[in-house]
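Asker: Could you have a look at this structure, given as structure tokens, before my questions?
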């Protein structure tokens, strides 16, 4: 299916086994298009597209998330589809967990996600740090968490013991 | 406090009371806060527990949730087994290519079950409306993702019309 709507009569082609131009994506049109997570969360907009300097293969995209928010560089392995309309990822970016509410097994809000510890720079989360007002930060291993779209719920097997700042550890 | 005398005929240690159910936040499968439990419904003949009603605040209509959709009642919240279909209203809809189709203006269910028959989606300023069948929904999270591109949706609609 042609993905490039440019009128093919306006140019000549010099190609070998590569795809014809109307079967490729125009990089200029991709910049500024929105990036969606697997479940439809708007991650941001494409700021730049990065290629391997030797193989010329796509390596990743830099996603801008708005004023005051850190940009995210997302590798090609996490991109599901790309079109001029937008880019859909294969996953939910773990960095978007920051700020989400965390509930204990009884449904009580214990705080919100302060930081996410990942395996190297991948999207695989190892643990999260939960902060609550007047209480010490709490590190919870990821396998004890049931993630949902809006909140994170600590599984029933994990015992959440948060102490106030003035309590001894 | 003095314990109550009992003539129930069996142990009620594992039972929960109306106090445990009422006034608690209700969260669906996606963790979304649906509202606060307001009433308990009990069958007038069998006296079986039927479900709860959830208050969604002054500006929104409440929802009645059957007991089959309740996962667990905990000391601080009531968790549901499912995502409440009515909550999709107002979400953005994206096609399989990531193109925004519009915003959900109405959710049509199959009878009174929590199963989506179709969504009415408005494009916004143009006022153009699409009806998207439930079978074309891929995922529902913060927004709705479809399994097909927008062009195919209009093609399907034309065929149905």
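Asker: Which members of the stretch B:116-133 meet the condition of being over 16 Å from residue B:90 (Cα atoms) and touching a strand residue (DSSP E or B) at 6+ places or on another chain (Cβ under 6 Å)?
Answerer: B:117, B:133
Asker: Consider residue A:91 against the criteria (1) part of a strand (DSSP E or B); (2) in contact with a helix residue (DSSP H, G or I) (Cβ under 9 Å, 6 or more places away or on another chain): it satisfies all of them except one. Which criterion is unmet?
Answerer: (1)
Asker: Since residue A:108 meets every condition but one in (1) crowded, with 16+ Cβ neighbours inside 10 Å; (2) within 14 Å of chain B (Cβ to nearest Cβ), which condition does it not meet?
Answerer: (1)
Asker: Whether any residue in the stretch A:75-86 is in contact (Cβ under 8 Å) with a residue 12 or more places away in the chain, away from chain B (no Cβ under 14 Å) and in a strand (DSSP E or B) is what I want to check.
Answerer: yes
Asker: Of the residues B:112, B:87, B:135, B:120, which is within 13 Å of chain A (Cβ to nearest Cβ) and either crowded, with 17+ Cβ neighbours inside 10 Å or farther than 27 Å from residue A:108 by Cβ (or both)?
Answerer: B:87
Asker: Filter the stretch B:14-59 down to the residues that are farther than 24 Å from residue A:109 by Cα and within 18 Å of the chain's Cα centre (by Cα), then identify the one that is modelled with the lowest pLDDT.
Answerer: Looking at the filtered set, the residue picked out is B:59.
Asker: Does residue B:11 satisfy the condition of being assigned to a loop (DSSP other than H, G, I, E, B) and at pLDDT 80 or above?
Answerer: no
Asker: OK, next. Scanning the stretch B:116-149 for residues that are closer than 27 Å to residue A:150 by Cβ and at pLDDT below 90, which turns out nearest to the chain's Cα centre (by Cα)?
Answerer: So, considering only residues that are closer than 27 Å to residue A:150 by Cβ and at pLDDT below 90, the one nearest to the chain's Cα centre (by Cα) is B:130.
Asker: Just a yes or no: is a residue in the stretch A:26-40 in contact (Cβ under 8 Å) with a residue 24 or more places away in the chain and more than 30 Å from residue A:97 (Cβ to Cβ)?
Answerer: yes
Asker: Output yes when any residue across the stretch A:20-30 is surrounded by fewer than 12 Cβ atoms within 10 Å (Cβ to Cβ) and outside any loop (DSSP other than H, G, I, E, B), and no when none is.
Answerer: Within the stretch A:20-30, one or more residues are surrounded by fewer than 12 Cβ atoms within 10 Å (Cβ to Cβ) and outside any loop (DSSP other than H, G, I, E, B).
Asker: Oh, and also: Is it the case that some residue within the stretch B:25-43 is away from chain A (no Cβ under 14 Å), in a loop (DSSP other than H, G, I, E, B) and surrounded by 10 or more Cβ atoms within 10 Å (Cβ to Cβ)?
Answerer: Looking for residues that are away from chain A (no Cβ under 14 Å), in a loop (DSSP other than H, G, I, E, B) and surrounded by 10 or more Cβ atoms within 10 Å (Cβ to Cβ), one finds none in the stretch B:25-43, hence no.
Asker: Mind listing whichever residues of the stretch A:128-155 are away from chain B (no Cβ under 12 Å), within 20 Å of the chain's Cα centre (by Cα) and either touching a residue at least 60 places away in the same chain (Cβ under 8 Å) or part of a helix (DSSP H, G or I) (or both)?
Answerer: A:142, A:143
The values are calculated or read from the model by the stated rules, or taken from the named source; none is laboratory data. Predicted model, so just to flag it, every value in this text is computed and none were measured. FYI the Cβ positions are ideal-geometry reconstructions off the backbone, even for glycines, and counts take in every protein chain you see.
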